[in-house]
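J.: Next up is a structure, given as C-alpha cells.
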Amino acid sequence: MSTAGTGADRRVEGLLRELAPQVLGVLVRRYRQFDLCEDAVQEAMLAAVVQWPEQGVPDNPRGWLITVASRRLTDEVRSEHARRRREDTDAAMSAEAPAPAPDEQRATADDTLLMLALCCHPELSAPSQIALTLRAVGGLTTAEIAGAFLVPESTMAQRISRAKQKIPVTAADLGATAGAGFGDRLDAVLHVLYLIFNEGYTATSGAALQRSDLTAEAVRLARTVHRLLPATDPMAGEVAGLLALMLLTDSRRAARTDADGGLVPLAEQDRGRWDAAAIAEGTELVERAMASTPLGPYQLQAAIAAVHAEARTAEDTDWAQIDQLYRVLERVAPNPVVTLNRAVALAMVAGPGAGLDLLAGLDGDRRMAGNHRLDAVRAHLLELAGDPAAAREAYLRAARRTTSIPEQRYLTARAARLPTPSRTNLS
C-alpha cells in the first residue's frame, strides 16, 4: 500500500493504514470469509492509492472503501475460482453489495480490535500471526513485510495466504471483541506486538541493527489498543505497560548506532540524543498503571526501562533498583532471558562474579542453547572480572552465533581489543 513520496500521498497512506482494519472488520462480519475479504480490501486500498491523490479523498473514505471492497468480493465470488467455494459463501452474500447494517455504523473500535484478535488466532504460529497482523491491521504490503524479515516476497506471500485460509470466522470469533474487548485473545495480541517491536528494535539478521518501520508500526498498534480498550478491562494496565515499554525503549533509537550504522552499547550512548518526549510519556504511562492496576510483566519491563531513562549518565544508573525489579519479574514471569538480564544488574551491584554465577544456571537451559546473547553477556562479565582471555573467546563465540551483521562487527571488535592468549615456548 505504499505511495509516492509527496505530502498528500503520505497523508493518504496514513489514512489507509488507519482504515484498513476497520473496513476488513466490516466485511468479515458480513461474509465470514477472512481470506476473500482481506484480498478484496487490499484491492480497494490499491484503488484508493491510485485515485485519491488525483481525485481527492472522498467525503466518507471508509464507506468508499467498504463499497469498493464489497464489489470486488462479489466479483470474486462470481469467478470460476470462487465457484468451488460457493457452498460456503452463497448463504452469506447476495449478488449486489449489501447496504451497511445499522450496527456497522457504530464506533470503529470493535472492527479494529476484531482484526487484531483474528490475526492472533490460536490456530496460527507466531510468525504467521506477526505477518498477518502487519498485513491486515498494519496495512503493510507483502513486499514490505518480506523485506523487513529478509525473506523472498514469494515466501512471505505463501505464509500470509496459508494463514488467511486457516482462520475460521465463527460466532465466537466475532464475539471476541464484544464491547471493545478481547476476551482471552489479548495475551496473544500483546505478545505479537511485542515480537514485532523487538524485531524492529534489534533485527535478528541482516545489515541493519534496527528497522524503524517495524518499531513505528508496533507503537502505532499498541497505541490503538490502549486507546480503544476500556479502562475497566483487567488487562488495561498491561496494555499501558507494553506501550510504555515500547516508548521508553525506542527513545534510545537515535543514539544506538554511530555514523556508520555500528552498534553503540547503552553505557556509551549519548543520552542527549534520547527522545525526552517519549521518555516522559512512557514514564507517566507506567507510573499510572503500576499505581492503579494489577502488576504484570510488561509494566515491570517498562519500569526497568524507566530507571535507565532517568539516569543522566551510565554511572548514575540505579542498578540496585533494576536488580530488584528483575527479581520481581522473575517471580511474575519466569524466563531465562529475564535471568540473563538480571545477571548484568546483579554484576553491577554485587560484582561480576555474582553475575557469572547466575549465568552458570542458564547453561543447561535448552531455551538458551546457541543463544548468542548468553555468550555476549558472559563475555562482558568476564571482561569486568579481569579474565580477558576467556572474555575474548566468549565474544568470538557470540559473534559466530548471531546473524545480525552490526552485532557481529561489534562483538568481533570487542574481542579484538582484548589480548590474545599467549603460548608457552617449549623449544
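The values are calculated or read from the model by the stated rules, or taken from the named source; none is laboratory data. What you see is a predicted model; the values in this text were computed from it and never measured. Methodologically, a virtual Cβ is constructed for each residue, glycine included, from the backbone with ideal geometry; neighbour enumeration extends over all protein chains shown.
J.: Can you say whether ALA240 is in contact (Cβ under 8 Å) with a residue 40 or more places away in the chain, touching a helix residue (DSSP H, G or I) at 6+ places or on another chain (Cβ under 9 Å), in a helix (DSSP H, G or I) and farther than 21 Å from ILE196 by Cα, as far as the supplied structure shows?
T.: So ALA240 does not fit the description; no.
J.: When both residues are 6+ apart or on different chains and their Cβ atoms are under 8 Å apart, which pairs have a first residue that lies in segment 352-364 and is modelled with pLDDT of 95 or more, and a second that is among the basic types (Lys, Arg)?
T.: LEU356/ARG378; LEU358/ARG342; LEU359/ARG378
J.: Sticking with this one: Of the residues that sit in segment 331-351 and are surrounded by fewer than 20 Cβ atoms within 10 Å (Cβ to Cβ) and small (Gly, Ala, Ser), which one is modelled with the lowest pLDDT?
T.: Looking at residues that are surrounded by fewer than 20 Cβ atoms within 10 Å (Cβ to Cβ) and small (Gly, Ala, Ser), I get ALA333.
J.: Limited to segment 59-76, what total is found for residues that are part of a loop (DSSP other than H, G, I, E, B) and either of a type in the set (Ser, Thr, Tyr) or under 15 Å from GLU18 (Cβ atoms) (or both)?
T.: Within segment 59-76, residues that are part of a loop (DSSP other than H, G, I, E, B) and either of a type in the set (Ser, Thr, Tyr) or under 15 Å from GLU18 (Cβ atoms) (or both) number 1.
J.: Can you pull out every residue in segment 289-330 that is buried (at least 20 other Cβ atoms within 10 Å of the Cβ) and polar (S, T, N, Q)?
T.: GLN299, GLN301
J.: Considering segment 120-134 alone, what residues qualify as being buried (at least 22 other Cβ atoms within 10 Å of the Cβ) and either among the polar types (S, T, N, Q) or out of contact with any Lys or Arg (no Cβ under 8 Å at 6 or more places or on another chain) (or both)?
T.: Here is the first cut: in segment 120-134, the residues buried (at least 22 other Cβ atoms within 10 Å of the Cβ) are 120, 124, 129-134.
Within segment 120-134, GLN129, ILE130, THR133, LEU134 meet the criteria.
J.: Name the single residue, out of those in segment 213-243 being over 11 Å from the mean Cα position of the chain (by Cα) and polar (S, T, N, Q), that is modelled with the highest pLDDT.
T.: Taking the candidates together, the pick is THR224.
J.: Right, another one. What pairs come up if the first residue lies in segment 298-324 and is closer than 20 Å to TRP274 by Cα, the second is aromatic (Phe, Trp, Tyr), and their beta carbons are under 9 Å apart, counting only those six or more places apart or on different chains?
T.: Close Cβ pairs satisfying both conditions: ILE304/TYR326; VAL307/TRP319; ALA309/TRP274.
J.: Next question, about the same structure. Being free of Cβ contacts under 8 Å to residues at least 12 places away in the same chain and among the charged types (D, E, K, R) is the filter here, so list the residues in segment 325-343 that pass it.
T.: ARG331, the sole residue that qualifies.
J.: Somewhere in segment 359-376, is a residue closer than 29 Å to LEU411 by Cα and either in contact with a Cys (Cβ under 9 Å, 6 or more places away or on another chain) or not assigned by TED's automatic domain parsing to the domain that holds GLU393 (or both)?
T.: No; the residues of segment 359-376 include none that is closer than 29 Å to LEU411 by Cα and either in contact with a Cys (Cβ under 9 Å, 6 or more places away or on another chain) or not assigned by TED's automatic domain parsing to the domain that holds GLU393 (or both).
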